[in-house]
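S.K.: Structure in structure tokens, see below.
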Amino acid sequence: MMILYDLPISSYGCKIRIVLRHKNLNWKSVAPPDGYGSRAYCQIISAGTIPALDDNGFKLVESEAIAEYLDEIAPTPTMLPNDIKDRAVARSLSRFHDSRIEPLLRAYFDQVTPTNRDQQFIQNNASLLKTRFEQLARMVSPAPFLCGSALSLADCGFVPSFAILNRLQPLLGFSLQLTENIRDYKTALAKHPSVRNELHSYYETLDSWIAAKLSI
């Protein structure tokens, strides 16, 4: 059985859990002992980061590397297009999410606790997010997913990001109107069988995490 070291709130962990579900692999999630970055965890995973995969002693970090590894060891259903140029586009979209969109959403986590809120930061960050999603809208033509009719590695990171955006917009008081093609994509993504259950769990985790932060 594969071991995925992660935390329920981790967006990158959620991304990998979707891949594992889609591949129908045998795995379990394990929280890093004493938290990620701890001495105890670094004795298991030298980088001390999450998510990390332990596949029968083979250890791998970084969600993109883990996702592509899983796609190669369990090639059916494939999660990258067959054409080399289409595969390059899929990787580009996945990295666009991970480097341009996810960090902006994660930056809001410190703002959830009421005493930490900085309205100027919240609005400035929302403006950056708007720019990034508008760029994405010009880059893609979902049909209904980013790389066509099948769920791909390019899609998985967007699942937790859309959930975070959904919960934090009303909470923090910013407005971000997604373009029609991105709204349609978000809807299609949430309905996919490999996404649906993980998304439900992620919303539950996110809601509990937010409630705890609001009580501080």
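The values are calculated or read from the model by the stated rules, or taken from the named source; none is laboratory data. In this text the structure is predicted, and so the values were computed from the model without any measurement. Neighbour counts run over all protein chains shown; Cβ positions are idealised from the backbone, glycine included. Ligands, DNA and RNA are excluded from the accessible area calculation, which covers all protein heavy atoms including side chains. Shrake-Rupley method; radii C 1.70, N 1.55, O 1.52, S 1.80 Å.
S.K.: Any idea what the relative contact order of the chain is, in percent, if you count C-alpha pairs under 8 Å spaced at least 6 apart?
M.R.: In percent, rounded to a whole number, it is 23.
S.K.: Divide by every residue of the chain the summed helix terms, -39500 (n - 2.57) for each DSSP H run of at least 4, and state the resulting mean residue ellipticity at 222 nm, rounded to the nearest 500 deg cm²/dmol.
M.R.: One gets -17000 deg cm²/dmol as the mean residue ellipticity at 222 nm.
S.K.: Using a 1.4 angstrom probe on the protein heavy atoms only, line up 7, 20 by accessible area, largest first.
M.R.: 7, 20
S.K.: A follow-up question, please. Taking 8 Å as the Cα distance limit and 6 or more residues as the minimum spacing, I'd like the relative contact order of the stretch 14-109 as a percentage.
M.R.: Reported as a whole number, the value is 19 percent.
S.K.: Before I look further, what does the stretch 19-87 give for accessible area per residue, probe 1.4 Å, in whole square angstrom?
M.R.: The answer is 58 Å² per residue.
S.K.: Arrange the residues 99, 152 by how much accessible surface each exposes, largest first, with a 1.4 angstrom probe.
M.R.: 99, 152
S.K.: Convert 20 °C to kelvin, take the viscosity as 1.002 mPa s, use the Kirkwood radius over C-alpha pairs of the stretch 39-121 as Rh, and evaluate the Stokes-Einstein diffusion coefficient in µm²/s, rounded to a whole number.
M.R.: 136
S.K.: Using modelled amide H (1.01 Å from N, peptide plane; none on Pro or chain starts), what sits under 5 Å from the amide H of residue 29, excluding residues fewer than 5 places away?
M.R.: When sequence neighbours closer than 5 places are left aside, the close amide H contacts are 4.
S.K.: What number, in percent, do you get for the relative contact order of the stretch 42-90 if the mean sequence gap of Cα pairs under 8 Å and at least 6 apart is divided by its residue count?
M.R.: Relative contact order comes out at 19 percent.
S.K.: In debye, nearest 20, what is the charge dipole magnitude of the chain about its Cα centre with +1 on Lys and Arg Cβ and -1 on Asp and Glu Cβ, if you could check?
M.R.: 320
S.K.: For residue 147, tell me the accessible area in Å² from a 1.4 Å probe, rounded to the nearest 10.
M.R.: 50
S.K.: Right, here's the next one. Ordering 134, 64 by how much accessible area each has at a 1.4 Å probe, largest first, what is the list?
M.R.: The residues order as 134, 64, largest area first.
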